[in-house]
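Written out below as structure tokens is the structure these notes cover.
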Amino acid sequence: ISDLYTVDNVDTYFKQDQFNLLMNHEPDPTWIQTNKFANNSKYIPIGIKETLLQRIFKEFKIEILREGTMFNAVYVTIRLHYIHPVTGEWSYFDGIGADQLQTKSGSSPADLQNISNNAVAMSLPKAVSFAISDATDHLGKLFGRDLNREKQMSFGVDKSLDTESIFNE
């Protein structure tokens, strides 16, 4: 692959590889929670993901692209904009999240006449959080991308891009 790079951009690609290596570190085990309501799937809470966004990217913004209802739930699609630390350019990932509307106790979720008074007010912010979480998963393992995947591929840097170690040998 390194044969495709020109001498002018090797340093940038090396820095990009180093950044990708950071994004593909395993998350701190203390961050990982288990959702007993979703087959004990693992997740990283949104507060930790937002703090990671602030610490790594310094500047990011959330754009809500659309929201709506689907069956007995609300959904939100967002675009997570961030300044890439290597290139200094704005980039983005999209995410989608949904949350079921609460209904009065004992009623069917399909019975929309029994939606709780604050159901939408409670569900929309949760759907936004789920959408942000979905978008951050695209950044890498550090944000929890592979927590519930059986098969994964490990990430390694392209050693041929490390011009300093080549010249220091």
message: Looking at THR30 and the list (1) free of Cβ contacts under 8 Å to residues at least 12 places away in the same chain; (2) open to solvent by less than 50 Å² (accessible area, probe 1.4 Å), which single condition is not satisfied?
response: (2)
- prompt: So ASN24 fits all but one of (1) open to solvent by less than 40 Å² (accessible area, probe 1.4 Å); (2) under 26 Å from HIS81 (Cα atoms); (3) among the polar types (S, T, N, Q); (4) modelled with pLDDT of 95 or more; what number is the exception?
  reply: (4)
field: Failed criterion for GLU59 (all others in (1) open to solvent by 50 Å² or more (accessible area, probe 1.4 Å); (2) in contact with a Phe, Trp or Tyr (Cβ under 9 Å, 6 or more places away or on another chain); (3) touching a residue at least 40 places away in the same chain (Cβ under 8 Å) hold)
entry: (3)
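Name every residue in region 33-47 that is out of contact with any strand residue (DSSP E or B) (no Cβ under 9 Å at 6 or more places or on another chain) and either touching a residue at least 40 places away in the same chain (Cβ under 8 Å) or surrounded by 14 or more Cβ atoms within 10 Å (Cβ to Cβ) (or both), in order of residue number.
Within region 33-47, the subset out of contact with any strand residue (DSSP E or B) (no Cβ under 9 Å at 6 or more places or on another chain) is 36-39, 46-47.
Across region 33-47, the qualifying residue is only ILE46.
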query: What single numbered condition from (1) in contact with a helix residue (DSSP H, G or I) (Cβ under 9 Å, 6 or more places away or on another chain); (2) more than 25 Å from ILE44 (Cβ to Cβ); (3) among the small types (Gly, Ala, Ser); (4) surrounded by 14 or more Cβ atoms within 10 Å (Cβ to Cβ) fails to hold for GLY106?
result: (4)
Cross-chain or 6+ apart pairs with Cβ under 9 Å, region 102-124 first and of a type in the set (Asp, Glu), then outside any loop (DSSP other than H, G, I, E, B): ASP111/THR103
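Taking ARG66 as the residue in question, decide whether it is under 21 Å from PHE130 (Cβ atoms), loosely packed, with under 12 Cβ neighbours inside 10 Å and either modelled with pLDDT of 95 or more or of a type in the set (Asp, Glu) (or both). Steps first, answer last, please.
Values: under 21 Å from PHE130 (Cβ atoms): yes; loosely packed, with under 12 Cβ neighbours inside 10 Å: yes; either modelled with pLDDT of 95 or more or of a type in the set (Asp, Glu) (or both): yes.
When the stated conditions are applied, ARG66 passes them.
Check HIS81, HIS25 and return the single one that is touching a Leu at 6+ places or on another chain (Cβ under 7 Å) and either touching a residue at least 12 places away in the same chain (Cβ under 8 Å) or at positive phi (or both).
Values: HIS81 fails: touching a Leu at 6+ places or on another chain (Cβ under 7 Å).
Going through HIS81, HIS25 in turn, just one is touching a Leu at 6+ places or on another chain (Cβ under 7 Å) and either touching a residue at least 12 places away in the same chain (Cβ under 8 Å) or at positive phi (or both): HIS25.
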message: So, GLU89, is that one open to solvent by 40 Å² or more (accessible area, probe 1.4 Å) and in contact (Cβ under 8 Å) with a residue 60 or more places away in the chain or not?
response: no
query: Exactly one of (1) among the charged types (D, E, K, R); (2) over 15 Å from the mean Cα position of the chain (by Cα); (3) more than 15 Å from SER123 (Cα to Cα) is unmet by GLU63. Its number?
result: (2)
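The values are calculated or read from the model by the stated rules, or taken from the named source; none is laboratory data. What you see is a predicted model; the values in this text were computed from it and never measured. Please note: Cβ atoms are built from the backbone with ideal geometry, for glycine as well, and neighbour counts cover all protein chains shown. The area values use the complete protein model at the heavy-atom level, side chains included, leaving out ligands, DNA and RNA. Shrake-Rupley method; radii C 1.70, N 1.55, O 1.52, S 1.80 Å.
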